[in-house]
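The structure appears below as structure tokens.
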Amino acid sequence: MRRNRDMLLGIGNGAMAGALWGFVFLAPQLLSGFSSAQLSVARYLVYGLISLLLLAPRWNSLPRLDRRDVRALVGLSLLGNIIYYLLLGRAVQLAGGAAASLIVGLVPVAVTVVALRQGSSVRVSRLALPMLFCCAGVALIAYEALRSETSPVAPAWRLLGIACAFGALLSWSAYAVYNTRYLLQLKHVTSNDWSLLTGVVTGALALLLGAVVLALPDTAHHGHEWLRFWAISTGVALFASVIGNRFWNQASRLLPLTLMGQMIVFETLFALLYSFVWEQRLPTPIEMLAIACLLVGIVWCASAHRAPQAAASQNPS
């Protein structure tokens with residue numbers, strides 16, 4: 001029973017993370033005049049600053065970290081934040097939001113495949129159909145978006161954008177697997193503290209990158225554009241990075257890796273919902289079918305993880 005409660009709580013945390021991460025796909029389009037490097041630096045500088053301010057009052061009482069923990073923080077900050085967002089921002093701007101969401105939307109499949117290869121209590125046959133529904137949902141979303149999307153970007157640059165999207169897929173998949181595995185071993189640090197410590201390290205890395213990116217002269221943008229740039233970057237840093245990562249780390253401690261992969265689908269779902277609100281329209285029939293497929297895939301995957309536990313409770317030994 002407790003495992004089932006933990007699973008429901010973990011899914012709730014995963015859904016909240018996805019709801020906050022959904023804003024990430026909007027930012028590059030709202031700030032299309034700025035480079036992905038500028039977007040990444042601004043977001044993570046703010047993330048690092050907020051994290052440092054939240055940790056500062058109890059810095060001396062934080063659990064002690066060894067060199068291995070610090071290396072993990074640096075690696076996770078690069079994979080899940082700096083590198084991922086650089087590639088994602090560039091992919092959205094060059095290949096379009098549809099193509100980027102299609103490719104990055106394959107993260108649940110990539111993470112689940114890794115988890116199954118490393119050993120899982122759930123058989124492949126029990127997860128095959130839920131994963132198929134998730135893939136179908138992502139494919140339908142991309143088909144509908146590509147059908148209506150017109151891009152002024154030259155084909156060669158769109159190919160580069162697609163390559164960046166695949167790079168973002170690999171980067172985020174590696175982060176999801178590594179972070180989940182590490183958090184299961186890290187008993188002396190809370191999920192919230194781990195998220196904030198990741199923010200501090202990410203901010204330090206962004207500071208190094210920003211010394212180059214933000215120091216370059218920029219005459220293409222005026223004062224009000226920079227004000228909008230920092231306002232949106234601050235919003236994304238606060239909601240997606242600080243709060244969203246906290247929910248994600250909590251979910252990572254409650255759910256098996258094969259189910260954690262499916263939680264990323266919530267990001268796609270909420271990104272869709274936000275785009276409907278932004279565009280002031282209702283979803284098309286194809287988009288409604290896509291959303292249904294994604295929800296069926298998540299519920300089915302959760303059921304596949306609950307079934308063995310339910311059976312065990314009916315036959316105590």
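Condition check ((1) part of a helix (DSSP H, G or I); (2) surrounded by fewer than 19 Cβ atoms within 10 Å (Cβ to Cβ); (3) in contact (Cβ under 8 Å) with a residue 60 or more places away in the chain) across all residues:
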site	(1), (2), (3)
34	no, no, yes
48	yes, no, yes
53	yes, yes, no
59	yes, yes, no
77	yes, no, yes
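Keeping to the range 247-265, report how many residues are assigned to a helix (DSSP H, G or I) and surrounded by fewer than 23 Cβ atoms within 10 Å (Cβ to Cβ). Break it down stepwise before answering.
Kept after step one, since they are assigned to a helix (DSSP H, G or I), are these residues of the range 247-265: 247-254, 257-263, 265.
Restricting the remaining residues to those that are surrounded by fewer than 23 Cβ atoms within 10 Å (Cβ to Cβ) gives 253-254, 257.
Residues flagged as assigned to a helix (DSSP H, G or I) and surrounded by fewer than 23 Cβ atoms within 10 Å (Cβ to Cβ) within the range 247-265 amount to 3.
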Condition met for residue 201 (buried (at least 19 other Cβ atoms within 10 Å of the Cβ), in a helix (DSSP H, G or I), at pLDDT 85 or above and out of contact with any Leu (no Cβ under 8 Å at 6 or more places or on another chain)): no
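Quick check: is even one residue across the range 3-14 basic (Lys, Arg), touching a helix residue (DSSP H, G or I) at 6+ places or on another chain (Cβ under 9 Å) and modelled with pLDDT under 90? I'd like the intermediate steps shown before the answer.
If we filter the range 3-14 for residues that are basic (Lys, Arg), which is where we start, we get 3, 5.
Then drop every residue that is not touching a helix residue (DSSP H, G or I) at 6+ places or on another chain (Cβ under 9 Å), which leaves 3.
Now restrict to residues that are modelled with pLDDT under 90: 3.
Within the range 3-14 (the criterion being basic (Lys, Arg), touching a helix residue (DSSP H, G or I) at 6+ places or on another chain (Cβ under 9 Å) and modelled with pLDDT under 90), the answer is yes, since at least one residue qualifies.
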Flag if residue 223 is surrounded by fewer than 18 Cβ atoms within 10 Å (Cβ to Cβ) and not charged (D, E, K, R): yes
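Condition check: at pLDDT 80 or above, hydrophobic (A, V, I, L, M, F, W, C), in a helix (DSSP H, G or I) and buried (at least 16 other Cβ atoms within 10 Å of the Cβ). Does residue 290 satisfy that? It would help to see each step written out before you state the result.
Details: at pLDDT 80 or above: yes; hydrophobic (A, V, I, L, M, F, W, C): yes; in a helix (DSSP H, G or I): yes; buried (at least 16 other Cβ atoms within 10 Å of the Cβ): yes.
Yes: the conditions hold for residue 290.
The values are calculated or read from the model by the stated rules, or taken from the named source; none is laboratory data. It should be emphasised that the depicted structure is a prediction, and the values quoted were computed from it without experimental measurement. Quick reminder, even Gly has a Cβ in these numbers, built from the backbone with ideal geometry, and neighbours come from all protein chains shown.
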